[in-house]
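Bear in mind that the values in this text are calculations on the coordinates, not laboratory data. Computed from a predicted structure; not experimentally measured. Note that we place each Cβ from the backbone using ideal geometry, even for glycine, and neighbour counts take in every protein chain shown.
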């Protein structure tokens, strides 16, 4: 999906004397972005696919590593979206403790490319900030604090939001699997959610096409590292990792489950008589309103195939 200028959050100054200072300056953030973009460029070109682990971790590392493997085994696959070092907005944590987080919205690179939300975390002093999430932005994001002021981190179990961040995947996944009956449908604004509409349509189509197989769809929290910041718009920006796991089994012992495309490349063969488990990872950015009310909005996502395995 194409990005636009409306996808970029607007920074606004605040004057809360009780708030800790911003943990990073814009100059420091710029240095991190330049180094990260350079390491990603080396890896994407194939020149060095090890050095980028200095700045990548978690889902951002996993999805890129799997894609590099696919590129090496299937000719013609395009490169992943490059990492830009040119930030439209930088948002460091207003925090004195570790781990520390910052977010940056980078300029779109190339024609018809959307801006990205990059989310970094530093585990402890004197270690690198590492990139956890690279998220393509698709919707307008809320007002955020200026870089000079910084933002208060959002706890994964925050009770000040309409849904605790660590419960979002469970509820969103239930809404995907039960698009007409889920008790959680009203918690999300799904009217402009292209990801939701696409995955629901795909699951329905796949289930209908598998006449001789049983299929189960699961949507799981891929990592407990949920990174978020309070905004100036009565809510929080929350970055998280959802795993879409599809388990497909044949109905009869003399049948087999067949895969194709990139799934076949990753599995290393055409299929299995015992069944297949396929996993896609989704790096996602949500706006979650506070308890005064409102619906959760998916602002952006980046997805990638991460695993195809034979069922035992």
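Overview of values
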| read-out | value |
| --- | --- |
| 0 to 90° range, to nearest 10: angle between helix 58-73 axis and the chain longest Cα axis | 50 degrees |
| Value of relative contact order over the chain, rounded to a whole percent, pairs C-alpha under 8 Å and six or more apart | 18 percent |
| Simple spin-label estimate for residue 252 and residue 51 in nanometres, 7 Å along Cα-Cβ | 5.7 nm |
| Helix-only mean residue ellipticity at 222 nm for the chain, each DSSP H run of n ≥ 4 adding -39500 (n - 2.57), per residue, nearest 500 | -7000 deg cm²/dmol |
| Descending principal axes extents, the chain, alpha-carbon based, whole Å | 70, 49, 36 |
| Gaussian network model of the chain, Cα within-10 Å springs - most flexible of 125, 153, 82 | 125 |
| Ranked 155, 146, 209, criterion: other C-beta atoms within 10 Å, fewest first | 209, 155, 146 |
| Ranked packing of 184-190, 199-205, most packed first, by mean Cβ within 10 Å | 184-190, 199-205 |
| Degrees between helix 194-209 axis and first principal axis of the chain (Cα, 0 to 90, nearest 10) | 10 degrees |
| C-alpha long axis of helix 168-177 to longest principal axis of the chain, angle in ° | 30 degrees |
| Separation of the residue 206 and residue 310 label points, Cα + 7 Å toward Cβ, nm | 2.1 nm |
| For region 5-310, share of DSSP beta bridges that run antiparallel, in % to the nearest 5 | 95 percent |
| Among 118, 285, 42, residue whose mean-square fluctuation peaks in a GNM of the chain (springs only between Cα atoms under 10 Å) | 42 |
| Computed over region 102-177: relative contact order in percent, which uses C-alpha pairs under 8 Å that are six or more apart | 17 percent |
| Rel. contact order, % - alpha carbon contacts under 8 angstrom, at least six apart, region 49-182 | 21 percent |
| Paramagnetic reach from residue 218 (point 7 Å along Cα→Cβ, amide N under 12 Å) across region 276-312 | 277-279 |
| The chain: most fluctuating residue of 76, 150, 293 per GNM, C-alpha cutoff 10 Å | 76 |
